[in-house]
Amino acid sequence: MPTAIIFDIKRFAVHDGPGIRTTVFLKGCPLRCWWCHNPESQAKEPYTVDIERKVNGQSIPGRKTYGEKIEVAALMETLLKDRHFYEESGGGITFSGGEPMMQADALAVLLEECKKNGLHTIVDTSGFAKCEQFERILDHTDLFLYDLKNMDPELHKKYTGVDNGLIQSNADFLLESGAQIIFRIPVIPGISTSDDEVNRMVFFIEERKEYLKEVHLLPYHRISENKYFRLRMKQQLPEVKEPDQKFMWQLKEKFEKTGLDVFIGG
Ligand code: SF4
């Protein structure tokens, strides 16, 4: 069995899909979103860095390792420990990242093993991967949480580092193949919230609504600021404020015009 590189495992997760779940965060991501909440996930290999912590306003230096290699068989043993909770709550396993599709071999085996054990599976993806990799995991993935970040290709490239053509064509491939998808839209004021962006996003979803059940709007939050500081990484969005509740409800109404259920948050 292959080895996976993970940077976290979150047990008893309730925001990463239905029921009580374990979320496995796989390392590595080809994107560089300006608002990324998990910058430690972006490099594929584990690494150790000098870090700084803020304690009572003072900087305390230290070292921390992000990521570990783990045999898929050992990871499955961990995931199966909470089987009872998944069964009772209608939950299961969510594979997130980083971009889980970057570890295509490990992910395919993990999903297959989960299904062999009767577990519900979710892949939380940016959609930026070869179409064949999605084809490979289709039969063992119950639901895709699929990000839509920007509709304008230039904006997408500017704010994530990659083009959105592949992402949109993979979404269509999955939908036409009968996959269950929930589109998740990061709401980043000034980046994905212009009238043009919202209208294009609503149009994109409306055209595909017969295949969809719901849409999630994910409000930007600044909780990762301290992470950037610790990692001594430059945060790209220091000036952006979190969207307020009124704005989120107005946005929800615009997306509800598609006729789909729209939720704020995961
Ligand atoms: S796709 Fe997700 S993990 Fe990758 S850079 Fe963007 S926000 Fe971060």
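Nothing in this text is a laboratory measurement; each read-out follows from the coordinates by a stated rule. Quantities reported herein were computed from a predicted structural model and do not represent experimental measurements. No Cβ is skipped: glycine too gets one built from the backbone with ideal geometry, and neighbour counts run over all protein chains shown.
Filtering segment 77-115 to residues that are crowded, with 22+ Cβ neighbours inside 10 Å, over 17 Å from the mean Cα position of the chain (by Cα) and not in a helix (DSSP H, G or I) leaves only G91. Is it true that some residue in segment 62-78 is within 15 Å of R11 (Cβ to Cβ) and either of a type in the set (G, A, S) or in contact with a helix residue (DSSP H, G or I) (Cβ under 8 Å, 6 or more places away or on another chain) (or both)? So far as segment 62-78 goes, yes, one or more of its residues are within 15 Å of R11 (Cβ to Cβ) and either of a type in the set (G, A, S) or in contact with a helix residue (DSSP H, G or I) (Cβ under 8 Å, 6 or more places away or on another chain) (or both). Listed conditions (1) surrounded by 18 or more Cβ atoms within 10 Å (Cβ to Cβ); (2) more than 21 Å from the chain's Cα centre (by Cα) are all met by F255, apart from (2). One residue stands out among those in segment 156-198 that are free of Cβ contacts under 8 Å to residues at least 24 places away in the same chain and among the polar types (S, T, N, Q): the one that is farthest from C33 (Cα to Cα), which is S194.
Going residue by residue through segment 133-145, is there one that turns out to be part of a helix (DSSP H, G or I) and within 16 Å of the ligand (Cβ to nearest atom)? Step through it out loud before you land on a result.
Here is the first cut: in segment 133-145, the ones part of a helix (DSSP H, G or I) are 133-140.
Right, trim to within 16 Å of the ligand (Cβ to nearest atom) and you get 133-134.
Yes.
Regarding segment 190-200, can at least one residue be identified that is in a helix (DSSP H, G or I), closer than 27 Å to K257 by Cα and of a type in the set (A, V, I, L, M)? So that I can check it myself, show each step before the final result.
Narrowing segment 190-200 to residues in a helix (DSSP H, G or I): 195-200.
Next, from what is left, pick out any that are closer than 27 Å to K257 by Cα: 195-200.
Of the ones still in play, those that are also of a type in the set (A, V, I, L, M) are 198.
There is at least one residue in segment 190-200 that is in a helix (DSSP H, G or I), closer than 27 Å to K257 by Cα and of a type in the set (A, V, I, L, M).
May I ask you to list the residues in segment 211-227 that are touching a Leu at 6+ places or on another chain (Cβ under 9 Å) and either over 22 Å from Q245 (Cβ atoms) or of a type in the set (S, T, N, Q) (or both)? Across segment 211-227, the qualifying residues are Y211, L212, K213. Exactly one residue out of A179, A171 is in a helix (DSSP H, G or I), of a type in the set (G, A, S) and closer than 26 Å to D142 by Cβ: that is A171. With respect to the conditions (1) of a type outside the set (D, E, K, R); (2) without any contact (Cβ under 8 Å) to a residue 40 or more places away in the chain; (3) closer than 21 Å to F255 by Cβ, G118 falls short on a single one, namely (3).
The residues listed here are V14, V55, V109; of these, the one that is within 23 Å of R184 (Cβ to Cβ) and β-branched (V, I, T) is V14. Across segment 221-247, the qualifying residues are those that are crowded, with 16+ Cβ neighbours inside 10 Å and hydrophobic (A, V, I, L, M, F, W, C), and the one among them that is farthest from S41 (Cα to Cα) is V240.
Under the condition of being over 16 Å from I93 (Cα atoms) and more than 16 Å from the ligand (Cβ to nearest atom), the residues counted in segment 1-45 number 3.
Taking the stated definitions as given, is N56 away from the ligand (no atom under 16 Å from the Cβ) and within 28 Å of E239 (Cα to Cα)?
Details: away from the ligand (no atom under 16 Å from the Cβ): yes; within 28 Å of E239 (Cα to Cα): yes.
So N56 passes the test.
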